[in-house]
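Only one structure is covered here, and it is reproduced in the block below.
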Amino acid sequence: MATILYRIGRWAFRRRRLVGGVWLGALLVAVLAAAVAPAGEEEDLSMPGTESQKAFDLLDERFPESNSQGADARLVFQAPDGQRVTARENKAAVEDTLGSLDGGSQVGSTTDPYETGAVSEDGTIAYSTITYTADAVDLTESTKSALEDAAGQARDAGLTVEIGGSALEAEEEPGGTTEIIGVVVAAVVLIVTLGSVVAAGLSLLTAFVGVIIAFCLVAALAVPLGLTSTVSILALMLGLAVGIDYALFITSRFRDERAQGREPEEAAGRAVGTAGSAVVFAGATVFIALVGLGVVGIPELTKMGMGGAGAVALAVLVALTLVPALFGFFGRPVLSRAARKAGRPRNGRPHAVPAAAGRAGLGTRWARFVLRRPVAVLVTAVLGLGVVALPVLSLELGLPGDESKSVETTQRRAYDLLSEGFGPGFNGPLTVVVDTAASSGSADTQATTDLVVKTVRAVDGVASVGDPVLSEDKDTALLTAVPETAPNSGETKDLVHTIRDALSGVEADTGADIAVTGTTALNIDISEAMSDALLPYLTVVIGLAVLLLTLVFRSVLVPVKAALGFLLSVGAAFGVLVVVFQWGWGADLIGIEQTGPVMSLMPILIIGIVFGLAMDYEVFLLTRMRETYVHGASPEEAIVNGFRHSGRVVAAAAIIMISVFAGFIGMSSPTIQTMGVGLASAVAFDAFVVRMAIAPAVLALLGHRAWWLPRILNRVLPNVDIEGEALNRHDPVATAGPDTAVPRFPVGRG
């Protein structure tokens, strides 16, 4: 693989105008495709195969007029202090408000709270449900303005009015202040690490090219593939983070090769053949882990995985082709200022520059510190991550609703008013579907439905049960049961299971198919499915990590160490999520006003993403160590050399990735906020604790045994040559050894 990538790097360097033109053309085509494509629609989460999802599908079939995908709004009215909404003047204000909406553009129907009984017992709060003939994303601005104007009309009459439902849901858009801050931090880190504004700009430029193409492709394919804004934001987040890192790794290796006296084209080829090999491997692990999210069975999670995987694949392609092409365009400015100054001719003649001398770098000093105290470092790091991971024992999974939004939003205030007036369970009603199609006649349906109503009312924790509604064919009935507890509470989860258990007996007696569904029940089913899939998915990911690392490093203990370290970093990241989003520690700092269960998609999503990123750092750091070791150095010398060459770059890459992920914490979407906190903390733990503390400590304790591989595996496993050993066999500079001082020659524009 190193030889093939070496040739690609040299070809891209020579044909830089062609390569640059191809990528520029791809960028323009992607932008144009996104500009002319229709906007995608936000879709609700679904979980095929679950009881609640089957019931939803049945409702769409038997009650087509309900338009379950249509937008809806819930106008919640509260009377002034000391008054009731049933008072004549307040009732008139409510009816005038609803009258201004009835028959409006895209309005399907409005309900009168005084006729439907949608008034609280104390008479202070009432609500009306407005249904629309179009989906939420298809509502026109005039329709939304009419809804807000109607609410304003009631407010002018002295009522408190808030708007819930999906009608005013806004699609999350990237480009906020915090994301910009993250990119600025990444730029500063690149400049400090590389010592060159041009080199830093090159890494950012190539990352932006890949990200823009990926983002535009997601937008262009949103309608045919059903991609949502969350998919595009994940593609943006991942593409930006790995794109900068991959360009940084190849640029850093290119500068090392130039410092050893190689010509620009040769240096570009060797940079892609060595660091590029690690980029391909790291990108492949992220890609496989993200594509593997499809096995969970949640369409939205599958789309997120595919979108992120596509962005990572583009980042790898850009790093392998556009980065070496830009080396040819920029030439000497890619090198650090010190290297450019040292390479200037004197008296018209080139001069040799001695190897760098002076005080050892921070990476070298840290490696030597770990070698002196490996046990202390190992115990401290493991215990520290273990303590941070302890809260994961209290992890609760759920899906955020209006209760998780800021109190500044009208949706959250509507949620609170409904909870106050009708009880906390009113915001999460359960729908019971009774299907008697296998029976004969409406009498069977009515009798069965009456028995279901009686059974559900007898369950502790049910606040009320509404009147049943029959389908046009009289073979299906649906009824609404309101829990006494909030939608995301553990009591409501238990209640759903209790109702299902109670109704199983009715099914056995009547032969009807009875299902409990609704948004709350579906969220519970999805959360439980995610919990059940977590351990199998984690097992597959760990197994894949061990297999791939065994193939790369030709070692048994190094992959085991890497996998256990990955578990520690992921566990600690989950602990942070519990502390912030469930316990509320530091939640105010990032705008979390309501604690609750952790987003149920997050654990598996974070595992899939962090797995690949963890392997990034493992490969880039240990590749140099193994390269030194196989050239005859001692295990201790190999560790020091690995940190000398890669420690600074890996630390910079981790800081960049943390900054990019943390930049998304400021978005208003709970999903994106959770993703940002989880990924930023996971990368921090994995890069700085696991890879830079635990890994060298374990390698120091293992010594030569760290690189041991049974003979049978040595014969069976293919040699992927990720270190580029094939490139060194006929290279006089490389055969001198990785740490041998060699003459450095002037660097001209290539």
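The values are calculated or read from the model by the stated rules, or taken from the named source; none is laboratory data. Since we're looking at a predicted model, the values are computed, not measured. Positions of Cβ are backbone-derived with ideal geometry, glycine not excepted, and every protein chain shown enters the neighbour counts.
For ALA134, the stated conditions do not hold, so it cannot be described as under 23 Å from SER419 (Cβ atoms), crowded, with 18+ Cβ neighbours inside 10 Å and not β-branched (Val, Ile, Thr). Checking the stated criteria, VAL558 turns out to be within 19 Å of LEU622 (Cβ to Cβ), surrounded by 19 or more Cβ atoms within 10 Å (Cβ to Cβ) and of a type in the set (A, V, I, L, M). Scanning the range 650-679 for residues that are within 27 Å of THR274 (Cα to Cα), in contact with a Phe, Trp or Tyr (Cβ under 8 Å, 6 or more places away or on another chain) and crowded, with 24+ Cβ neighbours inside 10 Å returns VAL650, ALA653. Within the range 473-494, restricting attention to residues that are surrounded by fewer than 22 Cβ atoms within 10 Å (Cβ to Cβ) and hydroxyl-bearing (Ser, Thr, Tyr), the residue that is farthest from LEU399 (Cα to Cα) is THR480. Checking each residue of the range 486-505 against the condition of being in contact with a strand residue (DSSP E or B) (Cβ under 8 Å, 6 or more places away or on another chain), β-branched (Val, Ile, Thr) and not in a helix (DSSP H, G or I) gives no match. Figure legend. Inter-residue proximity from the range 683-704: first residues on the phi > 0 side of the Ramachandran plot, second residues in a helix (DSSP H, G or I), beta-carbon distance below 9 Å, spacing 6+ or different chains. Indicated pairs: GLY703/PRO635; GLY703/GLU636.
The condition (being under 36 Å from the mean Cα position of the chain (by Cα), farther than 28 Å from ASP467 by Cβ and buried (at least 17 other Cβ atoms within 10 Å of the Cβ)) is satisfied by just one residue among VAL192, VAL197, VAL185: VAL185. When LEU322, LEU326, LEU371, LEU393 are screened for being within 24 Å of ARG624 (Cα to Cα), modelled with pLDDT of 80 or more and part of a helix (DSSP H, G or I), only LEU371 passes.
Yes/no matrix, rows are residues, columns are (1) acidic (Asp, Glu); (2) under 34 Å from the mean Cα position of the chain (by Cα):
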site: VAL407; (1), (2): no, yes
site: GLN411; (1), (2): no, yes
site: ASP416; (1), (2): yes, yes
site: SER419; (1), (2): no, yes
site: ASN427; (1), (2): no, yes
site: LEU451; (1), (2): no, no
site: ALA458; (1), (2): no, no
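For ALA437, the criteria (1) in a helix (DSSP H, G or I); (2) in contact with a strand residue (DSSP E or B) (Cβ under 9 Å, 6 or more places away or on another chain); (3) not charged (D, E, K, R) hold in every case but one, which is (1). Scanning the range 680-722 for residues that are surrounded by 20 or more Cβ atoms within 10 Å (Cβ to Cβ) and either at pLDDT 85 or above or not assigned by TED's automatic domain parsing to the domain that holds VAL388 (or both) yields a total of 22. Restricting attention to the range 285-319, the residues that are more than 26 Å from GLY21 (Cβ to Cβ), in contact with a helix residue (DSSP H, G or I) (Cβ under 8 Å, 6 or more places away or on another chain) and assigned to a helix (DSSP H, G or I) total 22. When the residues of the range 357-397 are filtered to those that are among the hydroxyl-bearing types (Ser, Thr, Tyr) and surrounded by 15 or more Cβ atoms within 10 Å (Cβ to Cβ), which remaining residue is farthest from PRO597 (Cα to Cα)? My answer is THR364.
Can you tell me which residue is farthest from ASP513 (Cα to Cα) among those in the range 462-485 that are in contact with a Ser or Thr (Cβ under 7 Å, 6 or more places away or on another chain) and part of a loop (DSSP other than H, G, I, E, B)? The residue in question is THR485. Restricting attention to the range 257-272, the residues that are among the hydrophobic types (A, V, I, L, M, F, W, C) and either under 13 Å from LEU335 (Cα atoms) or at pLDDT below 85 (or both) total 3. Annotation: of all residues in the range 123-156 being assigned to a loop (DSSP other than H, G, I, E, B) and either under 34 Å from the mean Cα position of the chain (by Cα) or modelled with pLDDT under 90 (or both), the one that is farthest from ASN427 (Cα to Cα) is THR140.
At positive phi, in contact (Cβ under 8 Å) with a residue 60 or more places away in the chain and in the same structural domain as GLU396 (by TED's automatic domain parsing) - does that describe any residue in the range 547-563? Yes - at least one qualifying residue is present in the range 547-563.
Scan the range 200-211 and give yes if some residue there is within 27 Å of ALA687 (Cα to Cα), in contact with a Pro (Cβ under 7 Å, 6 or more places away or on another chain) and of a type in the set (A, V, I, L, M), otherwise no. Within the range 200-211, none of the residues are within 27 Å of ALA687 (Cα to Cα), in contact with a Pro (Cβ under 7 Å, 6 or more places away or on another chain) and of a type in the set (A, V, I, L, M).
When the range 667-719 is limited to residues that are assigned to a helix (DSSP H, G or I) and of a type in the set (Phe, Trp, Tyr), the one that is nearest to VAL370 (Cα to Cα) turns out to be PHE688.
Report whether or not LEU75 is outside any loop (DSSP other than H, G, I, E, B) and within 26 Å of LEU478 (Cα to Cα). Yes: the conditions hold for LEU75.
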